[in-house]
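This report refers to the structure that appears directly beneath it.
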């Protein structure tokens, strides 16, 4: 799982891929479909034997601030949140 401080536009150019959110919700994104995210904790899974090719445009954005004032920061690839 990871989160970026950006507004992300993803387009599946070929194949399909599963977007999984930290609550366990999943959505299969197929060829020519688009996904838009901002500050969501997520991961990608290719559950087929075929290649998936995506175009992703990431536009810098402010951190997401929750109703209680908590700020969701960026996570680092390969490290779980809170890891040193």
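Only the coordinates and a few stated rules stand behind these numbers; no lab work does. Just so it is clear, the structure is predicted and the values come from calculations on it, not from any experiment. All Cβ positions, even for glycine, are placed from backbone atoms using ideal geometry, and neighbour counts span all protein chains on display.
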Next on the checklist: For Cα pairs less than 8 Å apart in space and 6+ apart in sequence, what is the mean separation divided by the residue count of the range 6-59, i.e. the relative contact order in percent?
Outcome noted: 52
Checklist outcome for this item: Taking a crude spin-label model, label points 7 Å out from Cα along the C-beta direction, the residue 5 to residue 57 distance in nm is 2.2
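For the range 37-76, which semi-axes, largest first and in whole Å, follow from the square roots of 5 times the eigenvalues of its Cα gyration tensor?
Working: eigenvalues 163, 32, 11 Å².
Semi-axes, largest first: 29, 13, 7 Å.
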Checklist entry - Which distance in nm do the two modelled labels at residue 25 and residue 74 give, with both placed 7 Å along the Cα-to-Cβ direction? => result 2.5
Checklist entry - According to the Cα gyration tensor, what semi-axes, each the square root of 5 times an eigenvalue, does the equivalent ellipsoid of the range 6-59 have, listed from largest to smallest in whole Å? => result 17, 15, 8
